[in-house]
Ligand SMILES: C[S@@+](CC[C@H](N)C(=O)[O-])C[C@H]1O[C@@H](n2cnc3c(N)ncnc32)[C@H](O)[C@@H]1O
């Protein structure tokens, strides 16, 4: 993550014509961030709106390309590299899930308008929505060894970012299971606007979900305790029919690691914000 203060004044931003080039997404994001921390002024607002218009044009163009051509696999990775300069090797361990310019880019690319407010109260042991940082999903796809037949399921998918990114980066079918109807509807609308098929969002409590076609299940700690164990039991039953993998992120890893029907594939101690891979025995 680049934390250098690149800009020292509004004037340096106004003068820097390269910020108006579409390719300079990362520097533009840093300039907009710098402006947002300044006291409000009409001069600051004016240059911010110029830079935001460049982004608007850029994303309109990218939405049209994705809708028309699909853009999965290497083509999608190259697109990200072109605008954000990100590669999976940039992924240093962080003690908490931190977000960076890759998340800003992915938010603008995949999600439209304002994020919805939840309309249902979470039950006991359920964890509120917080998204997996985009660079962690890149890391997941780099390490997961997917086959074309794999079906990836994000259990507690929120607004669907992990399912979107895994589909776009790996080209495989992905599903999201989510308790909150507003998040699920929103994820479906975003997928429809980009004409992405092979992406499904199901609004159901994970305890009642159908896991019969999934081969790789992802959990960024959607719930804990008894609820987590009920869902793990449903996955264990699936594993009697076919081999499955589970990938965890966050505090649920330690609980999943105690399941005797799973073999841990990621060596090392349980670090909260490291992806951990398991395979059914
Ligand atoms: C920590 S967020 C993870 C979001 C997403 N998987 C990601 O990584 O970006 C947990 C999500 O699980 C959902 N959730 C909590 N309890 C659930 C349940 N019983 N069934 C389905 N989803 C649930 C929450 O609404 C929330 O969106």
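Contact order normalised by length for segment 1-69, with contacts defined as Cα pairs under 8 Å and 6 or more residues apart; what percent is it?
31
Note down the nm distance, to one decimal, between modelled labels 7 Å out along Cα→Cβ at residue 212 and at residue 107.
Placing both labels 7 Å along Cα→Cβ, they lie 4.0 nm apart.
Please order 237, 279 by the number of other Cβ within 10 Å, starting at the fewest. Numbers along the way, then the final one.
Details: 237 11, 279 14.
Going from least to most buried by this count: 237, 279.
Which whole-number percentage describes the relative contact order of the chain, with Cα contacts under 8 Å and a sequence gap of 6 or more? Please list the in-between numbers first.
On the way: 404 pairs, mean separation 42.3, N = 281.
For the chain, the relative contact order is 15 percent.
Just check the chain against the gyration tensor rule for me: Cα atoms, a ≥ b ≥ c as the square roots of the eigenvalues, rounded for a/c under 1.5, and otherwise prolate or oblate depending on whether a/b exceeds b/c.
Since a/c reaches 1.5 and a/b is larger than b/c, the shape of the chain is classed as prolate.
Enter the angle in degrees (range 0 to 90, nearest 10) between the Cα long axis of helix 134-143 and the first principal axis of the Cα atoms of the chain, meaning the one along which they spread out most.
50
Expected output is a single nm value to one decimal: the length gained when fully extending between residue 42 and residue 261, i.e. 0.36 nm times separation in residues minus the C-alpha distance. What is it? Don't skip to the end; give the middle numbers.
Details: separation 219, 0.36 × 219 = 78.84 nm, distance 6.17 nm.
Gain on stretching residue 42 to residue 261: 72.7 nm.
Of the peptides 38-47, 248-257, how do they stack up when ordered by the mean number of other Cβ atoms within 10 Å, highest first?
Numbers: 38-47: 11.4, 248-257: 19.3.
Highest-to-lowest ranking by the protection proxy: 248-257, 38-47.
Could you tell me the calculated FRET efficiency between residue 236 and residue 49, based on Cβ-Cβ distance and R0 = 41 angstrom, to the nearest 0.05? Let's see the in-between values first.
On the way: r = 54 Å, r/R0 = 1.32.
My answer for the efficiency is 0.15.
With labels modelled as points extended 7 Å from the Cα through the Cβ direction, what inter-label distance (nm, one decimal) is found for residue 99 paired with residue 20?
Reported label-point gap for residue 99 and residue 20 is 3.0 nm.
Return the whole-Å distance between the Cα centroid of segment 166-199 and the Cα centroid of segment 97-140.
13
Let's test this: bin the Cα-Cα distances of segment 1-69 at 10 Å from zero up to the farthest pair and state each bin's percent.
Binned Cα distances yield the sequence 19, 49, 23, 8, 1.
What ranking do 7-15, 197-205, 112-120 get when scored by the average of other Cβ atoms within 10 Å per residue, highest first?
Values: 7-15: 14.0, 197-205: 16.4, 112-120: 11.4.
The most tightly packed comes first, giving 197-205, 7-15, 112-120.
Run lengths n ≥ 4 of DSSP H only: what is the helix-derived mean residue ellipticity at 222 nm for the chain, with -39500 (n - 2.57) per run over all residues, to the nearest 500?
So the calculated ellipticity at 222 nm is -13500 deg cm²/dmol.
Does segment 141-214 come out rounded, prolate or oblate by the C-alpha gyration tensor, with a ≥ b ≥ c the root eigenvalues, rounded set by a/c under 1.5 and, if not, prolate when a/b is larger than b/c and oblate if not? Don't jump to the answer; show the numbers that get you there.
Working: a/c = 1.98, a/b = 1.25, b/c = 1.59.
In terms of gyration-tensor shape, oblate.
Quick note: the coordinates plus some simple rules give every number you see, no bench work behind them. All values reported here derive from a predicted model rather than from experimental measurement. Backbone-built Cβ (ideal geometry, glycine too); neighbour counts: all protein chains shown.
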